[in-house]
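Any read-out appearing in this document is the output of simple, stated calculations on the displayed coordinates, not a laboratory observation. Not measured: the values here are computed from a predicted model. Cβ atoms come from the backbone with ideal geometry, glycine included; neighbour counts cover every protein chain shown.
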Amino acid sequence: MSAHANLPGRRYGLVCSLSATSENFNCTCYLVAGCGVPAIPPVLSGLSRIVNGENAVPGSWPWQVSLQDGTGFHFCGGSLISEDWVVTAAHCGVTTSDVVVAGEYDQASDAEDIQVLKIAKVFKNPNFSLLTVRNDITLLKLATPARFSRTVSAVCLPSASDDFPAGTLCATTGWGKTKYTALKTPDKLQQAALPIVSSTVCKSYWGSKVTDVMICAGASGVSSCMGDSGGPLVCQKNGAWTLVGIVSWGSSTCSTTTPAVYARVTALIPWVQQILANN
C-alpha cells in the first residue's frame, strides 16, 4: 500500500511503501516532487513550437501521458492528476480497451521505464457536445494506480476561482504532428511556450464557437496539432504547474497565427471534484 502527500503548490511529497509480516513492520519512504513540480525541471526556450517542434527534456513533464489503442497507436494525450486519475478530452473517445502510458518520452524507444496502465472506468462529461465541442473533458479512473517517481507525477488542478489572464505565458506538450502535412507523429515529446489569449481576441478568429467553457492560447508562432488532443495546457501558479486547459480544437491546418482552443479547466472543476468525490 502507498500513501502520497500531493497538495497543490507543495514542492515535495513523500511516497511510502508499507509492508508487514507477523514479526516486522517496514516503512520505506522516498521524496518525490509534489503536484506541478517536476523532479526534472523543464527547459522552455519561449520560442518553441509543437508545430515545427522542440523536444522536451526527457521526464520534465511527468504528468503527460499517451493514450494508446490495442495496437500501441498513440491517438491522444492526457494528464495525471493523481495516482488513480487521468484527465483528457471527451472528443478523444477513450474506451476501457485503450491504455494509459505514463513515464514515456521517446515512443520509438524500448529502453524507457514506462508504465502501461489499464483503464477501469471512463467518465465523459455528460454535457459534452461533439457539435459545439463544449465541455470537452473526460476523466479516466485507472485500474491500477500509477507509481509516482522522478518521471511520473501529477499536475496541480486549479480552483474554480483561479484567473489566468491574457498574456500569461504557459506551456503545452504532446506527441501531435509537428506539421499538419506530416504523415506521422513525432517520436519524442514536444513542447511549446505560448500566451493565453483573451476571449475577445479569440472570438475575433473563431466567432461564437468560443464559449465560457473554453480558453484560448497561441497565435504566437506556435500551435497544438493533431495528436496533441487531450493533453495539457499548463501555467505556473505559486511555483507549481497547474492544468489550465485541455487541448480541444483549432485550425485544421495547425496555423501558428491562429489561437488554439482548450477546454477551460477552471469552469469544469466543479464536475471534476464531483466525480472524484463519488468514485
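Electrostatic tally near I246: other residues with Cβ closer than 13 Å to its Cβ, Lys and Arg +1, Asp and Glu -1, net +1.
Rounded to the nearest 0.05, the FRET efficiency derived from the C-beta distance between A120 and A267 at R0 = 25 Å is 0.40. Annotation for K179 and S204: the two label points, set 7 Å from Cα along the Cα-Cβ direction, are 3.0 nm apart. Look at S224, S204 and count the other Cβ atoms within 10 Å of each Cβ; fewest to most, that gives S204, S224. Neighbour counts of other Cβ atoms within 10 Å put C216, C92 in the fewest-to-most order C92, C216. Site pair V57 and S45 shows an inter-label distance of 1.6 nm when each label is modelled 7 Å from Cα along Cα→Cβ. Any number yet on Rg/Rh for the stretch 169-267, C-alpha, Kirkwood? Ratio of gyration radius to Kirkwood radius: 0.95. Straightening the chain between T253 and T211 buys 12.9 nm, computed as 0.36 nm per residue apart minus the Cα-Cα spacing.
Centre-to-centre, using Cα atoms only, the stretch 158-236 and the stretch 237-279 are separated by 9 Å.
Can you give the FRET efficiency to the nearest 0.05 for T144 and D69, using r as the Cβ-Cβ distance and R₀ = 30 Å? Efficiency, from the Cβ-Cβ distance: 0.95.
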